[in-house]
Amino acid sequence: MLRNSSFPITIEQISKRYGRVFALDHVDLHIKSGEFLTLLGPSGSGKTTLLTVLAGFTRPDSGSLKFGDTEMVCVAPHKRDVGMVFQNYALFPHMSVGANVGFPLKLRGVPTREITDRSERALEMVRLGGYAARGVETLSGGQRQRVALARAMVFEPRIMLMDEPLSALDKQLREHMQIELRQLHDKLGMTTVYVTHDQREALTMSDRIAVINAGRIMQLDTPRAIYERPRNRFVAEFIGESSFLQVQVAGGRVRLGNQTLRTAVAAPSDGPMLLMLRPERLRVLGAQDADQAQDATLNLLEATLVATVYQGDSSLMQLALPDGSMLSVRGPSGATAAATQALPGERLQLALKVEDTVLIAAEGAA
Ligand code: ADP
Ligand code: MG
């Protein structure tokens, strides 16, 4: 079942409108051969539409789609060499596990004997070897989703498309399946386009993430780059927690109130920008940290504690800057964590590493 040849997918200027809504708005996207790429975006952003364009169920109004060098827009779905897994399994409830998995082969006129063998092999891939004779209705949610996966893989497609395949599963099973799916991908090496609205799932599984909003790709990057260097406010807010502070850039200097910040990257141009702060990247300095006041790798901010919320594995503190703008700091929650003992109204000093000082454009999509 191991394939060494998959193809890259090239999407150029693909648009699809429903009435006045652009489900896809001039999308450009290059997916590398063998890559695990995730489309991440809120409900209604166009994820499913893009996936069904790839599968051939939706015909775009304009644009080009290539698998390798071959133009695919007019190619029928069953001629695309694409396996697809949906959120709701879409298994035939009255058929056995084996008959479900073998169905795509039957459609393709494969001899019965071979269907049985290949279905069993696909079931082994998803660790359901020996389940062929079972009824689908006797399986758990996670097992059903694995059957759907085996059915998508059984004809050895070179491209795998998955539309929120884990969203019906409970958290524990989801996290387990995320790792299994990724391992399976690494073993089989097919180009995979995975859809989710769950940012943690996207960060966990992907080689790269395309963040999509209102039919447009907002950023295409590795998980780390998406999280550490979001290109605009939408991406920064959609992935992880963040606070935003207004800063002014003048002559290359970044001013927050009456203080000048040290930044990792030079500010692109003069004018207002936003400083993005991740709560876990800010640290409350205590009396024992006095020497850090001189540390050139840090920016120091003075803020007043408003409230502390205990959240088990960590504590979240809300703080106010002198100008009234608010920010959050996540810190340790243990009994010995000094910062957690601070009382509302106390003035605290916060340290922000220069490398974590991220500036983004002040308005919407940059
Ligand atoms: P997502 O999968 O990200 O939730 P979709 O691709 O399903 O988003 O939808 C994108 C937009 O296109 C939404 O505004 C949705 O209402 C619209 N849309 C999708 N399919 C249809 C359709 N068949 N008819 C009309 N509008 C549609
Ligand atoms: Mg969808």
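The values are calculated or read from the model by the stated rules, or taken from the named source; none is laboratory data. Because the structure is a prediction, the values reported are computed rather than measured. Note: ideal-geometry Cβ built from the backbone for every residue, glycine included; neighbour counts use all protein chains shown.
Output the residue which, of all residues in the range 41-65 that are in contact with a His (Cβ under 7 Å, 6 or more places away or on another chain) and not polar (S, T, N, Q), is nearest to Leu220 (Cα to Cα).
Per the criteria, the residue is Gly41.
Tally time: how many residues in the range 174-207 are surrounded by fewer than 20 Cβ atoms within 10 Å (Cβ to Cβ) and not in a helix (DSSP H, G or I)?
4
Restricting the range 223-255 to residues that are of a type in the set (A, V, I, L, M) and farther than 16 Å from Leu203 by Cβ, which is surrounded by the most Cβ atoms within 10 Å (Cβ to Cβ)?
If we take residues in the range 223-255 being of a type in the set (A, V, I, L, M) and farther than 16 Å from Leu203 by Cβ, then Val247 is surrounded by the most Cβ atoms within 10 Å (Cβ to Cβ).
Just to be sure I understand the filter: pairs with C-beta atoms under 9 Å, separated by 6 or more residues or on different chains, first member in the range 157-179 and under 16 Å from Val147 (Cα atoms), second member within 16 Å of ligand 1 (Cβ to nearest atom) and of a type in the set (Lys, Arg). Which pairs pass?
The qualifying pairs are Asp163/Lys47; Glu164/Lys47.
Among the candidates Gly135, Gly142, which residue alone is among the small types (Gly, Ala, Ser), surrounded by fewer than 16 Cβ atoms within 10 Å (Cβ to Cβ) and touching a residue at least 12 places away in the same chain (Cβ under 8 Å)?
Going through Gly135, Gly142 in turn, just one is among the small types (Gly, Ala, Ser), surrounded by fewer than 16 Cβ atoms within 10 Å (Cβ to Cβ) and touching a residue at least 12 places away in the same chain (Cβ under 8 Å): Gly135.
Among all residue pairs at least 6 apart or on different chains, which show Cβ distances below 6 Å where the first residue, located in the range 202-225, is more than 14 Å from Lys47 (Cα to Cα) and the second is of a type in the set (Lys, Arg) and part of a strand (DSSP E or B)?
Matching pairs, first to second residue: Thr222/Arg208.
With (1) closer than 30 Å to Leu40 by Cα; (2) of a type in the set (A, V, I, L, M, F, W, C); (3) outside any loop (DSSP other than H, G, I, E, B) as the list, and Val265 as the residue in question, which single condition is left unmet?
Of (1) closer than 30 Å to Leu40 by Cα; (2) of a type in the set (A, V, I, L, M, F, W, C); (3) outside any loop (DSSP other than H, G, I, E, B), only one is false for Val265: (3).
So, Ala55, is that one more than 16 Å from ligand 2 (Cβ to nearest atom), out of contact with any Ser or Thr (no Cβ under 6 Å at 6 or more places or on another chain) and not charged (D, E, K, R) or not?
Considered against the rule, which asks whether it is more than 16 Å from ligand 2 (Cβ to nearest atom), out of contact with any Ser or Thr (no Cβ under 6 Å at 6 or more places or on another chain) and not charged (D, E, K, R), Ala55 comes out as no.
Name the single residue, out of those in the range 52-93 being on the phi < 0 side of the Ramachandran plot and charged (D, E, K, R), that is nearest to the chain's Cα centre (by Cα).
For the range 52-93, the residue satisfying everything is Lys66.
Ser96 fails exactly one of the following numbered conditions: (1) under 24 Å from Ile212 (Cα atoms); (2) small (Gly, Ala, Ser); (3) more than 20 Å from the chain's Cα centre (by Cα). What is the number of that condition?
Here Ser96 clears every test but (1).
Considering only the range 17-53, how many residues are within 12 Å of ligand 1 (Cβ to nearest atom) and not basic (Lys, Arg)? Before you say what the answer is, go through the steps one by one.
In the first step, residues of the range 17-53 are kept if they are within 12 Å of ligand 1 (Cβ to nearest atom); the result is 17-25, 27, 39-53.
Pick out the ones that are also not basic (Lys, Arg) and you get 18-19, 21-25, 27, 39-46, 48-53.
The qualifying residues number 22.
From the residues in the range 187-234 that are touching a strand residue (DSSP E or B) at 6+ places or on another chain (Cβ under 8 Å) and polar (S, T, N, Q), which one is nearest to ligand 1 (Cβ to nearest atom)?
Filtering first and then ranking leaves Thr196.
Any residue that is of a type in the set (S, T, N, Q) and surrounded by 16 or more Cβ atoms within 10 Å (Cβ to Cβ) - is there at least one of those in the range 284-296? Outline the logic, then answer.
Let us first name the residues in the range 284-296 that are of a type in the set (S, T, N, Q), namely 288, 292, 294.
Checking the rest, the ones that are also surrounded by 16 or more Cβ atoms within 10 Å (Cβ to Cβ) come to none.
Checking the range 284-296: not a single residue is of a type in the set (S, T, N, Q) and surrounded by 16 or more Cβ atoms within 10 Å (Cβ to Cβ).
For the range 1-106, which strands (runs of 3 or more DSSP E) that fit wholly inside it have 2 or more residues that are among the acidic types (Asp, Glu) and at pLDDT 95 or above?
Filter on the range 1-106 gives 21-31.
Would you say Ser333 is surrounded by 15 or more Cβ atoms within 10 Å (Cβ to Cβ), farther than 28 Å from Ala225 by Cβ and not assigned by TED's automatic domain parsing to the domain that holds Gln219?
When the stated conditions are applied, Ser333 passes them.
Please work out which one of (1) among the aliphatic types (A, V, I, L, M); (2) in contact (Cβ under 8 Å) with a residue 12 or more places away in the chain; (3) assigned to a helix (DSSP H, G or I) is the condition Val306 fails and give its number.
Evaluating Val306 over (1) among the aliphatic types (A, V, I, L, M); (2) in contact (Cβ under 8 Å) with a residue 12 or more places away in the chain; (3) assigned to a helix (DSSP H, G or I) leaves (3) as the failure.
For the range 177-203, give me each residue that is within 8 Å of the chain's Cα centre (by Cα) and hydroxyl-bearing (Ser, Thr, Tyr).
Thr196
Counting just the residues of the range 160-173 that are away from ligand 2 (no atom under 16 Å from the Cβ) and surrounded by fewer than 22 Cβ atoms within 10 Å (Cβ to Cβ), which one comes out nearest to Leu65 (Cα to Cα)?
Ranking the qualifying residues of the range 160-173, first place goes to Leu169.
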